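Here the structure is laid out as structure tokens; the discussion comes afterwards.
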Amino acid sequence: MLKKFYKNIIFVHPRMVLSFLFLLISFLGFHALSLKVDASPETLLLENDKALSYTRLIAKRYRSSEFLVIAYTPNKSILHPDTLKNIKYLSDELLELPLVESITSVRNVPLVQSPPLPIKDLASHVPSIEDGIIDLELAKKELLSNPLYTKNIVSEDFKTTTILINLVKDTRYNTLLDNRNASREKAEADNAGQEDKAAYKTAQDIFFSYRDKARKVQHQNILSIRSIMQKYQDQGQMFLGGINMISDDLISFVKQDLKTYGLIVLFLLIIIFSLIFREFIWVILSLITLFASLIASIGFLGLFNFEVTVISSNYISLQLILTTSIIMHLIVRYEELAKRFPSQSQKRLVLHTVLTMSKPTFYAVITTIAGFISLMLSGILPVINLGWMMSAGLIISFIISYTLFPSFLILLKPILCNNPKSSSCPFTGMMVNTAKNKSKLIFLSTFIILVFSLFGTQYLRVENSFISYFKSSTEIYKGMAIIDKKLGGTTPLDITIDFPQEEHIPKSAPPVNQNEDEDDFFDEFEEEFEEAKGQDYYWFTSDKMECIRDVHSYLKNTPEIGKTLSFGTMLELGKTLNNGKDLDSFALALLYKELPDEFSNLIVKPYLSLENNQARFYVRIIDSDPNLHRDALLKKIKNDLHTQLDIPKENIHLSGAMVLYNNMLQSLFSSQILSLGSMISLLFIMFWFIFSSVKTAFIAMIANLVPISVVFGLMGWLNIPLDMMTITIASISIGIAVDNTIHYLHRFKKEFHLSKNYLLSLERSHASIGFAMSYTSASIIIGFLVLTMSPFVPTIYFGLLTVVAMLVALLADLLLLPRLILLFKVFGKELR
């Protein structure tokens with residue numbers, strides 16, 4: 001059937017085939033322009049994660065708003081008049097931006113001890129530095145001693161301060177997101193109808209449309225903020241931080257990687273084709289095929305609304321490298337035939353090339369796709385999409401390579417091989433001699449490597465550190481490092497405690513306050529309290545306040561936590577203002593009711609929900625702590641609050657960015673490890689089907705498991721964490737490496753059927769397909785080495801580890817695999 005296709009269509013109407021391909025690729029090229037990049041942190045969340053729903057609930061309940069942070073280290077003292085003026089002018093400019101709602105800085109935070117204020121004055125206006133009545137020396141002491149401000153507004157060394165940029169709430173975004181999620185739940189229900197699915201598609205389209213517009217506005221806002229900051233850089237160091245900034249910069253990094261490294265890989269591949277084949281026509285034909293495959297693949301993604309994320313940011317490089325492998329095998333086979341049969345017509349040479357290579361290449365493609373199956377089983381949409389993207393890209397590259405390549409080639413005259421080294425190289429010659437004569441060395445080395453790798457895997461850890469994703473020379477790293485080390489950490493975590501429901505207490509008059517110094521204060525507000533005493537008063541029980549103090553103290557003394565904020569902060573401050581005595585329920589209820597908004601919004605409302613009988617503890621984790629183990633820390637916090645403070649487990653809730661990303665990573669790790677067994681089983685069955693031999697399938701799997709073991713072992717020994725990028729290496733590596741195994745086994749089997757001699761078949765296989773495998777692997781290795789130039793550290797690790805996997809896979813296929821073939825005699829008995 002395939003022979004008829006080439007004879008009756010490709011060879012008879014090559015120009016018509018090329019015209020059709022041109023139109024098809026042009027159509028897909030138009031859709032390639034609509035390919036979107038979504039590198040926001042939201043893409044790394046599990047949509048069905050209960051913690052995600054709870055995180056959104058807590059954000060609404062406590063009115064958490066988005067914000068950006070400027071870490072400012074002025075040349076002069078923080079409270080120097082020139083520094084305060086700079087902060088004022090900077091704040092005024094920032095407030096003119098449409099997305100900026102308010103600014104919080106040392107100039108406008110409430111100060112209650114500069115000079116000290118009586119508790120009764122807290123119910124009126126609380127002064128700040130910008131009022132002009134504050135004693136700056138006292139202000140410095142308060143900023144350093146007040147638990148609300150130290151490692152939050154100012155660093156402990158009083159050299160760095162934060163300028164908090166509170167952003168306008170995008171209520172429409174949240175509304176559209178809720179509508180999209182609700183529509184999806186209906187569409188995914190068992191009884192969902194076509195109307196539900198159509199409603200979901202409409203809701204999703206509306207949400208994506210608004211999201212893309214909002215991101216452009218947000219990007220422009222961040223550019224404007226950085227432009228304003230640039231005016232003041234001569235007055236000190238300034239770095240921008242915050243989740244929105246990280247998201248925006250990640251998108252910029254991904255776009256840069258897609259363009260820059262995709263082009264560099266393409267350029268290097270052109271050089272490699274030129275050096276290896278030394279024929280201009282091969283370079284041009286390869287370039288055309290690569291471009292066509294890449295444009296068609298990207299267009300396919302754009303047509304079906306795929307989005308490139310952080311996890312799939314190397315898609316273009318991967319696509320170019322995998323397509324190169326297909327093209328190289330075709331060129332090497334053509335040159336091999338042209339050299340062996342110089343008198344053959346071009347039609348016969350091309351036909352024999354595509355027919356002999358189509359079967360192993362097809363098997364290589366489907367087994368590579370099988371290698372990507374574990375990605376599709378992850379449960380995380382960007383990882384699933386990467387699996388589909390790579391699978392679709394491989395199929396497209398296979399189809400285009402086996403139609404465009406022969407269609408062009410058939411229009412040309414036979415290409416004579418002018419390169420005397422076109423079918424041999426020193427490397428493959430060395431591999432032949434080693435494989436033939438060093439069997440003990442090969443098996444012993446394999447055993448040592450596997451033992452080394454096995455021990456290394458014991459040190460594997462699953463971590464997700466944002467600060468470690470960027471090189472120390474980048475602005476984003478410098479800003480995060482200052483905030484992390486000097487201003488209380490970068491990764492937010494919410495701990496909420498549900499208090500047990502209490503029986504209703506009659507609204508009797510509150511007990512007489514025992515603090516005589518406050519009698520006058522409470523008398524003044526007696527009438528107001530009578531109106532509000534009800535549940536507000538009875539909520540502030542001693543048991544609850546003691547629980548809040550204990551939880552706050554525990555979190556505050558946890559080494560991995562840089563800053564803890566809660567109502568416990570108010571209790572500490574209140575005790576200081578009340579001459580070292582704890583405020584009683586009456587005073588706390590009154591302060592809750594009467595505190596001015598500028599103070600209440602800082603220290604009370606974000607941490608208490610009386611109507612939900614709940615207290616919130618907001619902490620920031622020191623992301624750069626080398627001893628930080630996030631999953632263990634989360635489990636420890638929940639367990640300690642239960643065992644040490646006797647809080648029921650069901651009343652303890654952890655949420656926020658740290659929980660969400662940890663859940664994502666743990667889910668990804670579990671799915672990848674569990675599906676790795678399924679993938680290996682599937683590949684074994686496919687090898688069995690392709691070669692009709694259990695022994696052949698067995699030795700093929702051994703050769704492919706070695707590079708995976710080495711990669712994981714090396715990661716363990718080098719303390720490289722399994723994160724959102726590196727955890728996918730197993731699937732991608734085995735997906736690429738299996739290509740060479742298929743080609744080598746297929747060629748060895750063919751040579752053995754001709755010679756019935758294993759050693760002779762080994763020599764011929766190395767001289768033919770071994771040559772192609774060597775140069776194909778060299779191209780892949782060079783291509784992935786380019787990724788090490790990225791400013792994005794996960795991309796660097798991905799590139800380096802894939803290089804290791806490809807190098808080990810090549811050695812396994814050229815050394816271990818042939819020795820296993822000779823050991824097990826998988827292709828039958830040889831003739832003496």
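Some observations on this one:
- Sequence-ordered 3J(HN,Hα) estimates for the stretch 211-218 from the Karplus curve with 6.51, -1.76 and 1.60 and θ = phi - 60° stand at 4, 5, 5, 5, 5, 5, 5, 5 Hz, glycine and proline given as x.
- Range in the chain, longest, excluding exposed GluC sites (Glu not before Pro) [loop by DSSP; at most 14 other beta-carbon atoms within 10 Å]: 504-832
- Subset of Lys169/Lys259; Lys141/Lys486; Lys581/Lys649; Lys3/Lys413; Lys50/Lys471; Lys440/Lys825 violating a 25 Å alpha-carbon distance limit: Lys169/Lys259; Lys581/Lys649; Lys50/Lys471
- Cα-based shape type of the stretch 177-300, given that a ≥ b ≥ c are square roots of the gyration tensor eigenvalues and the cut on a/c is 1.5: oblate
- Degrees between helix 793-811 axis and first principal axis of the chain (Cα, 0 to 90, nearest 10): 30 degrees
- Here each label is just a point 7 Å from Cα along the line to Cβ, and for Lys347 and Thr474 those points are 5.6 nm apart.
- Extension gain (nm, one decimal) between Lys635 and Lys413, 0.36 nm per residue minus Cα-Cα: 73.0 nm
- Assuming charge only on the beta carbon of Lys and Arg (+1) and of Asp and Glu (-1), the dipole of the chain about its Cα centre is about 7820 debye to the nearest 20.
- In order along the stretch 335-343, the Karplus-derived 3J(HN,Hα) couplings, from 6.51 cos²θ - 1.76 cosθ + 1.60 at θ = phi - 60°, round to 5, 4, 5, 5, 6, 6, 10, x, 8 Hz, and Gly and Pro are given as x.
- Relative to the longest principal axis of the Cα atoms of the chain, the long axis of helix 346-371 makes an angle of roughly 30 degrees.
- Of all lysines in the structure, the ones whose alpha carbon falls short of 19 Å from that of Lys593, not counting any fewer than 8 places away in one chain, are Lys120, Lys507, Lys533, Lys544, Lys575, Lys605.
- Evaluated with a Cβ-only charge set (Lys, Arg +1; Asp, Glu -1), the stretch 1-99 carries a dipole of roughly 700 debye about its Cα centre, given to the nearest 20.
- For the stretch 447-506, with +1 on Lys and Arg beta carbons and -1 on Asp and Glu, the positive-most of Val462, Ile448, Thr491 along the dipole: Ile448
- Net length gained if the chain between Lys36 and Leu450 were fully extended (0.36 nm per residue, minus Cα distance): 144.9 nm
- On the chain, 59 percent of the accessible area sits on carbon and sulfur atoms, based on a 1.4 Å probe.
- Of the residues Thr161, Ser102, Pro118, the one whose Cα sits farthest toward the positive end of the charge dipole of the stretch 101-187, with +1 on the Cβ of Lys and Arg and -1 on the Cβ of Asp and Glu, is Ser102.
- The residues of the chain expose on average 44 square angstrom of accessible surface per residue, using a 1.4 Å probe on protein heavy atoms.
- For the stretch 594-700, trypsin sites (Lys or Arg not before Pro) are listed when DSSP marks them as loop and at most 13 other Cβ atoms sit within 10 Å of their Cβ; the list is empty.
- Straight-line cross-link partners of Lys829 among the lysines, defined as a Cα under 19 Å from its Cα and at least 8 positions apart when in the same chain: Lys436, Lys695, Lys749, Lys750, Lys756.
- Gyration tensor (alpha-carbon) shape descriptor, the stretch 382-471, a/c threshold 1.5: oblate
- Label-to-label distance for Ser65 and Asn48 is 3.7 nm, based on points extended 7 Å past Cα in the beta-carbon direction.
- C-alpha long axis of helix 769-785 to longest principal axis of the chain, angle in °: 20 degrees
The values are calculated or read from the model by the stated rules, or taken from the named source; none is laboratory data. The structure displayed is predicted, hence computed values, not measured ones. Glycine gets a Cβ as well: all are built from the backbone with ideal geometry, and neighbour counts include every protein chain shown. Side chains are part of the model used for accessible areas, which takes the heavy atoms of the whole protein and leaves out ligands, DNA and RNA. Shrake-Rupley method; radii C 1.70, N 1.55, O 1.52, S 1.80 Å.
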